[in-house]
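Have a look at the structure below before the remarks.
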Amino acid sequence: MTPAERESSIAFARRNLLIDGLEPSARAMGLAAAYSAGDIDEDALIKRLDAGDEAPRALKNERTADLPTDAVFVRTVLVCRHPWTASSDLDELRAIHIRLFGGLGPWAGRLRRADQISSSSKGYFPPALLNQGAASIGSGLASERNLTSLDRPDFRDRLAYYYDELGFLHPFDRGNAMTLRIFASRLAHDAGWDLDWGTVDRHAYQEATHRAYLGDLSGLMALFAAIIRPVNPTRIFLIAGWDQGPAH
């Protein structure tokens, strides 16, 4: 990876946590800076982090146990280290989930087995139908050629639609939002766009996704309209922290 790619991954990883109300420790950020500068490689980044004594901190707005924030941060930085199959289906979501949370518990990549309380009385998608629901969403994306060859306004609208559909699917016990943001970034990049999550405010994100859950996609559309950039072929798909286009 180039220094710019490493910097981009670090910026995205930090923002992906911040949107969920989490903050990497100063030690983790220092190790990430050393990695960005090329002073340590990926293996050293993992080993030095694992040598620390990080206290688990709660993953907010999720149902189950605490997660070590720094470990998730580093896993997000390195999420592209081993590329997965871009299948736009449940297998891809599980592959991303395992990369983020593998080793943190047996639940990594495991589908939700019980109903989960949401901000609305209707709850999330029934767990017994997760495979069926995911297959329907995947078929929809396939019929729309995974949102390729769309003008920017049309891409914005369709991305908001599928983002909401996958948010309602809620296939895992925890870590759904982090996983979905990576999936959406990959989908957008392959469709010719990058998503600059660095400009996204946590509360604005929560409001937009909540309104979408209740049937109003306008907030998500506005959010994506503000962060969609033309794809940058010189960077990996995780873009964050600056306003950039193909010539950046």
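Candidates are the residues of region 207-221 that are touching a residue at least 12 places away in the same chain (Cβ under 8 Å) and either out of contact with any helix residue (DSSP H, G or I) (no Cβ under 7 Å at 6 or more places or on another chain) or of a type in the set (Val, Ile, Thr) (or both); the one that is farthest from residue 189 (Cα to Cα) is 214.
Exactly one residue among 121, 149 is on the phi > 0 side of the Ramachandran plot, at pLDDT below 95 and more than 20 Å from the chain's Cα centre (by Cα), and that residue is 149. Being in a loop (DSSP other than H, G, I, E, B), small (Gly, Ala, Ser), touching a helix residue (DSSP H, G or I) at 6+ places or on another chain (Cβ under 8 Å) and at positive phi, is that true of even one residue in region 166-175? Yes. Any idea which residue in region 201-248 is modelled with the highest pLDDT, counting only those that are under 22 Å from residue 10 (Cβ atoms), surrounded by 16 or more Cβ atoms within 10 Å (Cβ to Cβ) and of a type in the set (Gly, Ala, Ser)? The residue in question is 240. Screening residue 171 on (1) more than 30 Å from residue 105 (Cβ to Cβ); (2) in contact with a Lys or Arg (Cβ under 7 Å, 6 or more places away or on another chain); (3) in contact (Cβ under 8 Å) with a residue 60 or more places away in the chain shows it passes everything except condition (1). Checked against the criterion of being surrounded by fewer than 20 Cβ atoms within 10 Å (Cβ to Cβ) and either modelled with pLDDT of 90 or more or aromatic (Phe, Trp, Tyr) (or both), the candidates 89, 53 yield just one match: 89. Would a scan of region 148-158 turn up a residue that is touching a strand residue (DSSP E or B) at 6+ places or on another chain (Cβ under 8 Å) and either among the aromatic types (Phe, Trp, Tyr) or over 26 Å from residue 15 (Cα atoms) (or both)? Looking through region 148-158, at least one residue is touching a strand residue (DSSP E or B) at 6+ places or on another chain (Cβ under 8 Å) and either among the aromatic types (Phe, Trp, Tyr) or over 26 Å from residue 15 (Cα atoms) (or both).
Here residue 99 meets each of (1) crowded, with 18+ Cβ neighbours inside 10 Å; (2) over 18 Å from the mean Cα position of the chain (by Cα); (3) assigned to a helix (DSSP H, G or I) with one exception, condition (2). Counting the residues of region 137-191 that are among the basic types (Lys, Arg), surrounded by 20 or more Cβ atoms within 10 Å (Cβ to Cβ) and within 17 Å of residue 229 (Cα to Cα) gives 3.
When 59, 67, 31 are screened for being surrounded by 15 or more Cβ atoms within 10 Å (Cβ to Cβ), closer than 27 Å to residue 165 by Cβ and either at pLDDT 95 or above or out of contact with any Pro (no Cβ under 7 Å at 6 or more places or on another chain) (or both), only 59 passes.
The values are calculated or read from the model by the stated rules, or taken from the named source; none is laboratory data. Fair warning: this is a prediction, and the values are worked out from it, not measured in the lab. Note that each Cβ is placed from the backbone with ideal geometry, even for glycine, and that neighbours are counted across all protein chains shown.
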